[in-house]
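The structure appears right after this line, and notes come after that.
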Amino acid sequence: TLAMVSKAKQQQSPLQEEFESANAAISQAEGTARSALEQAAATVGDFSDAESLRAAEQLLLPAGGKINDALKRLMEAQRGSGGEVAKQLAQLATALRATQTTLAAELTKIRASKSKADQSEKQRVVEERDIAAFQEVLPEATAKTNAAEDLVEKAMITSEMIAAGGDDLDEVRPAVVQTEQATQEAQKAIGEARIYLNAKQASSRRYESEGAREKASTEISKLQQQLQEAQNKLNPLKTVRQD
């Protein structure tokens, strides 16, 4: 029942056991890391959704902890080792650090993308809020502009009665009066619409979202252009009595 072994082999046995134990822990850590990397790759999609990126990050963090624990275990096993065991432990360390580097690189990429996605989400929320605020004032701005245009058209139609009167001053005089009144009403409407548009244009410049500012500027500019065209039509009617 006795066995005779050399002193070198007797010392080698505990080291071999430590190597096998460390190898098992490392294999488990690497398997966890590979599985986590595969799941994370399937979760992140196109790296644009913040929630998916957060989920992927949570998948990789535990795997990173297991890799770190395995490295500590490996360093402990390397103390006092020598010969073939030391060589095998060094090979394991190289493979484990490669896995650690891959995991860290993927985490860095995910975190950078998550930061970008979070910023994009914040900008989207701000833009939606600003655009919603502008949409509340746009109908009234449009209504004021259209009302001013309608009054200009009414003044122009009224002015046609002057030409229809010909040389009959009894018909021309009331037509001139009506045209002047219609012109004044139209001019007042244009002025009020301009004041309203200028005020809303000034307030839109305070929007946090650049996209909302550009949209508001474009829409208000269109309405201001409509008012200018209406003003150009109205200007000749201002001197109708003199004419």
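Remarks
- Only one of GLN12, GLN39 that is at pLDDT below 85 and either more than 30 Å from GLN123 (Cα to Cα) or part of a helix (DSSP H, G or I) (or both): GLN12
- Hits in the stretch 94-126 (condition: out of contact with any Asp or Glu (no Cβ under 8 Å at 6 or more places or on another chain) and among the charged types (D, E, K, R)): ARG97, GLU106, LYS109, LYS116, ASP118, GLU121, LYS122, ARG124
Every residue, every condition in (1) of a type in the set (Val, Ile, Thr); (2) farther than 30 Å from GLU185 by Cα; (3) modelled with pLDDT under 90; (4) in contact with a helix residue (DSSP H, G or I) (Cβ under 6 Å, 6 or more places away or on another chain), yes or no:
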| site | (1), (2), (3), (4) |
| --- | --- |
| ALA63 | no, yes, yes, yes |
| ASN68 | no, yes, yes, no |
| LYS87 | no, yes, yes, no |
| ALA93 | no, yes, yes, yes |
| THR142 | yes, no, no, no |
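- Answer residue from the stretch 109-140, given it is among the hydrophobic types (A, V, I, L, M, F, W, C) and over 14 Å from ALA56 (Cβ atoms) and is least open to solvent (accessible area, probe 1.4 Å) among those: PHE134
- Filtered by the rule that a residue be exposed (fewer than 12 other Cβ atoms within 10 Å of the Cβ) and under 20 Å from GLN178 (Cα atoms), the stretch 193-234 gives a lone residue, ASN232.
- Condition check for THR239: over 15 Å from ALA147 (Cβ atoms), of a type in the set (Val, Ile, Thr) and at pLDDT below 90: yes
- Residue, surrounded by the fewest Cβ atoms within 10 Å (Cβ to Cβ), within the stretch 24-43, restricted to residues that are within 13 Å of GLY65 (Cα to Cα) and of a type in the set (A, V, I, L, M): ALA25
- GLU153 being open to solvent by 70 Å² or more (accessible area, probe 1.4 Å), touching a Leu at 6+ places or on another chain (Cβ under 9 Å) and at pLDDT 90 or above: no
- Candidates LEU92, LEU71 - the one that is out of contact with any Phe, Trp or Tyr (no Cβ under 9 Å at 6 or more places or on another chain), over 30 Å from ARG213 (Cβ atoms) and open to solvent by less than 70 Å² (accessible area, probe 1.4 Å): LEU71
- Test: LYS188 is over 30 Å from GLN119 (Cα atoms) and among the basic types (Lys, Arg): yes
- Unmet requirement for SER52, which otherwise passes all of (1) under 50 Å from the mean Cα position of the chain (by Cα); (2) at pLDDT below 85: (2)
- The residues of the stretch 196-243 that are under 33 Å from the mean Cα position of the chain (by Cα) and aliphatic (A, V, I, L, M), listed by number, are LEU197, ALA199, ALA202, ALA212, ALA216, ILE220, LEU223.
- Qualifying residue in the stretch 195-204 (condition: assigned to a helix (DSSP H, G or I) and more than 30 Å from GLN123 (Cα to Cα)): yes
The values are calculated or read from the model by the stated rules, or taken from the named source; none is laboratory data. In this text the structure is predicted, and so the values were computed from the model without any measurement. Cβ atoms come from the backbone with ideal geometry, glycine included; neighbour counts cover every protein chain shown. Note: accessible area is taken over every heavy atom of the protein model, side chains too, but ligands, DNA and RNA are not part of it. Shrake-Rupley method; radii C 1.70, N 1.55, O 1.52, S 1.80 Å.
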